[in-house]
1. So, B:I70, is that one away from DNA strand C (no atom under 12 Å from the Cβ), touching a residue at least 24 places away in the same chain (Cβ under 8 Å) and under 30 Å from B:R189 (Cβ atoms) or not?
2. Return the residue satisfying two criteria in turn: it lies in region A:117-158 and is charged (D, E, K, R) and part of a helix (DSSP H, G or I), and of such residues it is surrounded by the most Cβ atoms within 10 Å (Cβ to Cβ).
3. Collect the residues in region A:10-39 that are aliphatic (A, V, I, L, M), more than 13 Å from chain B (Cβ to nearest Cβ) and within 13 Å of DNA strand C (Cβ to nearest atom), keeping them in residue-number order.
4. Output the residues belonging to region A:1-28 that are of a type in the set (S, T, N, Q) and touching a residue at least 12 places away in the same chain (Cβ under 8 Å).
5. Take the residues of region A:13-50 that are more than 24 Å from A:K95 (Cα to Cα) and charged (D, E, K, R): which is nearest to DNA strand D (Cβ to nearest atom)?
6. Identify all residues within region A:143-172 that are touching a Ser or Thr at 6+ places or on another chain (Cβ under 6 Å) and touching a residue at least 24 places away in the same chain (Cβ under 8 Å); write none if there are none.
7. Out of A:G38, A:G24, A:G6, A:G42, report the one residue that is surrounded by 14 or more Cβ atoms within 10 Å (Cβ to Cβ) and out of contact with any Pro (no Cβ under 6 Å at 6 or more places or on another chain).
8. Which of the residues belonging to region A:159-194 are open to solvent by 30 Å² or more (accessible area, probe 1.4 Å) and not in a helix (DSSP H, G or I)?
Number of protein chains: 2
Amino acid sequence: MQARSGATVQAIHEAAIQVLLTGGLALFTTTRVAERAGVSVGTLYQYFPNKQALLFAILLRHFEQIAEAIEAIPGDGKPIAAIAEDIADAYISVKLARPDATTALYRVAGAIDQFRMSADVLKRLEAAVVRLLTNAADASFRQAEKTAFTLLSSLAGLSRGSFGKLAVADDALDGLGAEARLLSAAYLRAAADA
Amino acid sequence: MQARSGATVQAIHEAAIQVLLTGGLALFTTTRVAERAGVSVGTLYQYFPNKQALLFAILLRHFEQIAEAIEAIPGDGKPIAAIAEDIADAYISVKLARPDATTALYRVAGAIDQFRMSADVLKRLEAAVVRLLTNAADASFRQAEKTAFTLLSSLAGLSRGSFGKLAVADDALDGLGAEARLLSAAYLRAAADA
DNA sequence: TACCGAACTGAAGGATCCTTCAGGTATATT
DNA sequence: AATATACCTGAAGGATCCTTCAGTTCGGTA
């Protein structure tokens, strides 16, 4: 009995991403999403109180996936260089796993007050990085929170930039992983206490 | 005779930023912008063919300001460390000069197909950075374009993240300049040919 | 089979919004 | 002062869109 509804939510979720991908925010319509999901608008509203909530839900889930990926990194005292690459890999791998979803979500980001609505997930993300920094074998961080924030923000920027460029250059994603590792390692080395 | 219209365009421009700042994209309405600018909707449509064009215009101008700031950096062979800090300073200073405008524009970014609509300015930005990298006294860059892109993207991410955090933390901008310099210098050092 | 609740449908209400255009007002020129 | 030109006004047309809800279908149960 739950099977039906579960599949429906999943379908709506997926349809939302597709609609976002094809038409952007401007054509992101509850009716259109429902249609694409193969259900009626009424059904959509049975699972999401309003349009914003739907938008927020898919954004939230994406952040959670990134958080999970970073939390899954073993925390035993590895050298900072290794940690840096692990974080970069975790971050980028989630983005690359669903390039379409990633692209779609970058279009929503502006419309939603990201920090006010998903401050918890962002904190969780930051905490996951802080934990890794703190456990580094060969370095310590006086301002681990700030360092984690800068690292995550810059990785986000690089990712966003690369996916954005995809619209005009097919090879925009080439070497993204390598650049992310380079950036991550360089910054963490520099941010560590001398 | 041109004075009137010039002031009007300027007023609309400014009003657009304010409206964006108060209500976000959802409440960004041609009528509202016109009202805030102290003119009628008809006047707005005399200078901008449609809503998107207005949005695009303010986004474009912002990018141009950043490009100008980076192009203004002297290109004589300075060490890479100095160049890195110059770039970071130029970038961040534009953002900090009008924090409200910056915040407002980050909300538009998603709605507009950034790369398709302003590819020229972005290329110009990238070229300005490439020029500086090429003229560095103590380093050479095999892939100057890619390095410039990564640098700019990561700076954008850090800036965006910090301004976004402003909604929940008043001191989010503290130390932004220092972090940007640290990030920029660390990455460029690492990206330079060994 | 008859019944019940969960899940789903989709037309319609109510609210904006974008854009146009016929007409008004200010400034400059002759 | 009269005329031409540049600017500006704002009501209204036309198009969506979000959201609701009375009614229908489906899966399981007695």
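The values are calculated or read from the model by the stated rules, or taken from the named source; none is laboratory data. Only a predicted model underlies this, so the values are computations on that prediction, with no experimental measurement involved. A quick note on method: Cβ atoms are made from the backbone with ideal geometry, for glycine too, and the neighbour counts reach across all protein chains shown. Only protein heavy atoms, including side chains, enter the accessible area calculation; ligands, DNA and RNA are left aside. Shrake-Rupley method; radii C 1.70, N 1.55, O 1.52, S 1.80 Å.
1. Against the criterion (away from DNA strand C (no atom under 12 Å from the Cβ), touching a residue at least 24 places away in the same chain (Cβ under 8 Å) and under 30 Å from B:R189 (Cβ atoms)), B:I70 qualifies.
2. Step by step, filter region A:117-158, then rank; the result is A:E126.
3. The answer is A:A11, A:I12, A:A15, A:V33, A:A34, A:A37, A:V39.
4. A:S5, A:T8, A:Q18
5. Out of the qualifying residues, it is A:R32.
6. Scanning region A:143-172 gives A:S154, A:L158, A:F163.
7. So the residue among A:G38, A:G24, A:G6, A:G42 that is surrounded by 14 or more Cβ atoms within 10 Å (Cβ to Cβ) and out of contact with any Pro (no Cβ under 6 Å at 6 or more places or on another chain) is A:G24.
8. Of everything in region A:159-194, those that are open to solvent by 30 Å² or more (accessible area, probe 1.4 Å) and not in a helix (DSSP H, G or I) turn out to be A:L166, A:A167, A:V168, A:D170, A:D171, A:L173, A:D174, A:G175, A:D193, A:A194.
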